[in-house]
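The values are calculated or read from the model by the stated rules, or taken from the named source; none is laboratory data. Predicted model only: the values in this text are computed from it and were never measured. Reconstructed Cβ throughout: ideal geometry from the backbone, glycine too, with neighbour counts over all protein chains shown.
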Amino acid sequence: MSAPAEVERLTAWVHGRVQGVGFRWFTRARALELGLVGHATNHPDGRVMVVAEGPRPALEQLLAWLRSGDTPGEVRLVVESWDPARGDLDGFVER
């Protein structure tokens, strides 16, 4: 039996036409399918910030989906950063 994967925190800034197109809703659905917690938040400059915590493989799957071209709207760029999990998130919400 393998050891549980270490929990990490992914912050991804998504640039493009990603507001008003269902992007946060679909991101939430995908994150929940992967067992992640966090949020997808619209920002005034048109970006969406996605913060998620969970095992690294699941976070990498979410990041790949964000970059896949299969998202609602049009993603032009995703800038990510990785940090240790803080454990301060519950569920996955749209903000």
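Tabulated data for the structure shown
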| quantity | calculated |
| --- | --- |
| Complete set of residues in the range 64-74 that are over 16 Å from Ala29 (Cβ atoms) and modelled with pLDDT of 95 or more | Arg67, Glu74 |
| Residue among Glu74, Glu60 that is closer than 14 Å to Leu34 by Cα and among the charged types (D, E, K, R) | Glu60 |
| Qualifying positions in the range 13-23 - among the aliphatic types (A, V, I, L, M) and crowded, with 23+ Cβ neighbours inside 10 Å | Val14, Val18 |
| Residue list for the range 4-15, filter: out of contact with any helix residue (DSSP H, G or I) (no Cβ under 9 Å at 6 or more places or on another chain) and either of a type in the set (Gly, Ala, Ser) or farther than 16 Å from Trp65 by Cα (or both) | Pro4 |
| Cβ-Cβ under 8 Å pairs, at least 6 apart or on other chains, the range 28-45 side on the phi > 0 side of the Ramachandran plot, far side buried (at least 18 other Cβ atoms within 10 Å of the Cβ) and in a helix (DSSP H, G or I) | Gly35/Ala58; Gly38/Ala31 |
| Where a residue in the range 52-66 is farther than 20 Å from Thr41 by Cα and its partner, wherever it lies, is of a type in the set (D, E, K, R) and surrounded by fewer than 22 Cβ atoms within 10 Å (Cβ to Cβ), with Cβ under 6 Å and at least six apart | Arg56/Glu8 |
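Matching residues to (1) among the aliphatic types (A, V, I, L, M); (2) within 12 Å of the chain's Cα centre (by Cα); (3) within 27 Å of Gly87 (Cβ to Cβ):
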position	(1), (2), (3)
Val14	yes, yes, yes
Trp25	no, yes, yes
Ala52	yes, yes, yes
Ser68	no, no, no
